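Have a look at the structure below, then the notes.
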Amino acid sequence: MQAAPLGSRAVGAATVPIGKGGRFRASQSRPAGLCARAPATAAARRNGLDTPRPARGLAPARAVRADQAASVDASDVQLIADVTQAADARLAAALAAASAAAAAAAPAPDTALRQRLTATITKVQKGLLERETEVRLMLLAALCGEHLLLLGPPGTAKSELSRRLSGVMGGAYFERLLTRFSVPEELFGPLSMKGLENDEYVRQTAGYLPTAEVAFVDEIFKANSAILNSLLTLLNERLFDNGNLRLSAPLMCLVGASNELPESEELDALYDRFLIRRSVAQVSNAAIARLARLAAGRDSGEAGEANGNGNGNGAAAEGLAFKDFKEVAEAAYASVDIPDSVVDVLVELRNWLQDKCEPPIYVSDRRFMKSVQMLQVIAFADGRSEANEYDALLLEHVFGSRPDDATKVRARVLDIISSDPGLQQTELVFLGLFGRACRLLETPPSAADAAEAAAEAATLVELLEARQAELAATLEGQFPELRATVWQSEASVQAAVQSLTPQMTENRRRAEELLREAYVLAECLQRRCSAGVLEKLLPKRYKQYSKGISGKA
């Protein structure tokens with residue numbers, strides 16, 4: 001069967017030409033031996049005349065699109081087949097290589113720090129039920145040199161967690177329960193009698209908060225104005241004003257606890273001093289029977305066993321030392337990079353929280369900067385030289401003003417990760433290169449122009465191959481980067497994987513389709529095909545290009 005001319009469509013025995021705007025002009029063939037009868041004009045009808053009829057036995061005229069009369073000849077058909085075969089072969093090879101690389105990928109060996117961290121997590125959460133996240137956040141706050149706030153009803157192991165932190169860190173420990181009637185002496189020490197004799201207003205701080213390295217303050221929002229100013233300076237600047245002297249405080253981490261959120265605005269500054277905030281709930285109904293067995297001494301005591309994240313057997317290693325808590329943060333800041341992909345997640349998250357979230361969630365500049373440093377510590381403790389997008393999931397415990405804000409932050413981070421803005425930008429680059437190729441191939445291009453376009457296409461192919469390989473490794477490896485971190489509990493990992501998998505699977509399909517189109521475009525530029533051949537190979541993209549041209553006109 002003879003191919004219909006370009007710009008027309010074969011319908012039965014007739015060729016239906018395409019008119020302007022993509023509409024079809026009516027045309028119909030008669031049975032053999034008959035000729036078509038053209039409609040009479042108004043003047044002819046008035047004169048009793050009719051328009052001339054085509055000669056008997058001639059084939060109907062085969063009209064083509066008005067702005068293009070080219071046809072696909074045999075050589076073009078063969079060229080289309082060759083380009084298609086080459087692109088499909090390259091795509092199959094790329095997919096096979098990506099799958100093989102994903103299957104052969106081995107987890108990075110554990111660092112000594114990571115092994116000690118895993119052992120400490122196991123030790124601290126032993127005998128505690130459903131406190132895996134709280135233990136990790138507490139150790140993270142201590143390694144960052146920041147403070148942790150635990151919000152929840154009484155009897156949810158808030159003070160027990162703090163005492164266990166003191167046990168693994170060592171150092172001077174201070175603990176106090178505040179009430180509405182608490183006085184500064186309870187936190188900062190009594191006034192010195194000898195100092196008063198010498199007209200000096202100084203405190204005996206030994207054994208109190210100004211000399212502590214680890215501290216736990218229960219019902220911290222009961223602090224009154226007499227306590228608040230000194231407490232704010234101590235928490236943020238690690239300084240304490242004792243009389244007319246400003247002294248350095250060795251405080252590394254303070255765990256604050258409260259049954260309720262602060263109610264007065266004067267406590268907002270104190271609330272902001274806690275970089276990490278976590279709502280602690282009661283043991284779930286599913287685990288309450290195990291809690292009863294644990295209380296009766298019938299449980300093995302391994303309620304807090306490590307969740308298996310990571311790739312080593314750090315549970316048998318020695319735990320973190322006091323030196324680790326003092327040095328890890330500075331080492332992380334100096335050696336861990338924050339790539340642009342993570343910066344984009346942070347920027348988009350903050351903008352969304354403050355401009356589009358209802359109600360808006362304010363993120364101070366200080367909190368934003370400290371969150372970046374926290375991501376560096378997370379990566380460093382995991383044995384990585386740069387942070388990744390999955391680390392940003394822990395920002396649910398950093399950004400947000402109220403406990404229910406954590407769900408919004410986490411959901412938004414998952415949306416940003418799964419949306420894959422890099423893939424969207426790559427598609428825009430492809431469309432730009434495709435339009436340039438169409439204009440270039442309308443006439444025989446010069447050797448220099450063809451070589452430049454082919455080089456750009458090769459670069460685009462490399463980017464898409466890398467992205468497709470990353471998606472294959474992520475999906476076929478069941479999110480290895482997310483599962484490898486020690487900072488996410490098993491339940492948190494499973495929830496994230498379940499949320500990310502559908503959209504990431506769609507991203508992989510899009511990446512494979514875009515990669516095949518890039519192969520086709522690269523082959524066309526290399527072979528210097530005509531624009532008509534490129535249109536036949538990628539009709540959807542050519543239609544987008546044509547709409548863009550008509551829109552500009």
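What to note about this one:
- Residue that is farthest from ALA286 (Cα to Cα) [pool: residues in the range 123-135 that are under 28 Å from the mean Cα position of the chain (by Cα) and open to solvent by 10 Å² or more (accessible area, probe 1.4 Å)]: THR133
- Scanning the range 244-253 for residues that are within 16 Å of PRO184 (Cβ to Cβ), open to solvent by 40 Å² or more (accessible area, probe 1.4 Å) and either touching a Lys or Arg at 6+ places or on another chain (Cβ under 9 Å) or part of a loop (DSSP other than H, G, I, E, B) (or both) returns no hits.
- Of the residues ALA93, ALA108, ALA101, ALA97, the single one that is modelled with pLDDT under 90 and surrounded by fewer than 20 Cβ atoms within 10 Å (Cβ to Cβ) is ALA108.
- Within the range 394-426, if we keep just the residues that are surrounded by fewer than 17 Cβ atoms within 10 Å (Cβ to Cβ) and either among the aliphatic types (A, V, I, L, M) or closer than 20 Å to TYR519 by Cα (or both), the residue that is modelled with the lowest pLDDT turns out to be GLY422.
- Out of GLY319, GLY310, GLY314, one residue alone is at positive phi and either modelled with pLDDT under 95 or touching a strand residue (DSSP E or B) at 6+ places or on another chain (Cβ under 8 Å) (or both). It is GLY310.
- Filter pass, ALA97 being in contact (Cβ under 8 Å) with a residue 40 or more places away in the chain and out of contact with any Gly (no Cβ under 7 Å at 6 or more places or on another chain): yes
- Test: residue in the range 469-478 that is under 30 Å from LEU525 (Cβ atoms), part of a helix (DSSP H, G or I) and among the β-branched types (Val, Ile, Thr): no
- Failed item, numbered, when GLY171 is tested on (1) in a helix (DSSP H, G or I); (2) touching a residue at least 60 places away in the same chain (Cβ under 8 Å); (3) over 25 Å from GLN478 (Cα atoms); (4) small (Gly, Ala, Ser): (1)
- Scanning the range 195-234 for residues that are open to solvent by 40 Å² or more (accessible area, probe 1.4 Å), without any contact (Cβ under 8 Å) to a residue 40 or more places away in the chain and assigned to a helix (DSSP H, G or I) returns LEU196, GLU197, THR211, ASN229.
- Identity of the residue in the range 502-553, out of contact with any helix residue (DSSP H, G or I) (no Cβ under 7 Å at 6 or more places or on another chain) and modelled with pLDDT of 95 or more, that ends up least open to solvent (accessible area, probe 1.4 Å): GLU506
- Pairs, first over 13 Å from GLU146 (Cα atoms) in the range 368-380, second open to solvent by 40 Å² or more (accessible area, probe 1.4 Å) and not in a helix (DSSP H, G or I), C-beta under 7 Å, six or more apart: ALA379/GLU386
- Of all the residues in the range 136-151, those that are more than 23 Å from the chain's Cα centre (by Cα) and either closer than 20 Å to GLY170 by Cβ or surrounded by fewer than 22 Cβ atoms within 10 Å (Cβ to Cβ) (or both) number 9.
- Where a residue in the range 383-395 is assigned to a loop (DSSP other than H, G, I, E, B) and its partner, wherever it lies, is of a type in the set (Val, Ile, Thr), with Cβ under 8 Å and at least six apart: GLY383/THR111; ARG384/VAL336; SER385/VAL336; ALA387/VAL336; ALA387/ILE338; ALA387/VAL342; ALA387/ILE378; ASN388/VAL342
- Those residues of the range 478-501 which are touching a residue at least 40 places away in the same chain (Cβ under 8 Å) and open to solvent by 30 Å² or more (accessible area, probe 1.4 Å), in sequence order: PRO480, GLU481, ARG483, ALA484, GLU490, ALA491, SER499
- Being in contact with a strand residue (DSSP E or B) (Cβ under 8 Å, 6 or more places away or on another chain) and of a type outside the set (A, V, I, L, M) is a description that applies to LYS158.
The values are calculated or read from the model by the stated rules, or taken from the named source; none is laboratory data. Being a predicted model, the structure only gives us computed values, none of them experimental. Positions of Cβ are backbone-derived with ideal geometry, glycine not excepted, and every protein chain shown enters the neighbour counts. SASA here: full protein model, heavy atoms, side chains in, ligands and nucleic acids out. Shrake-Rupley method; radii C 1.70, N 1.55, O 1.52, S 1.80 Å.
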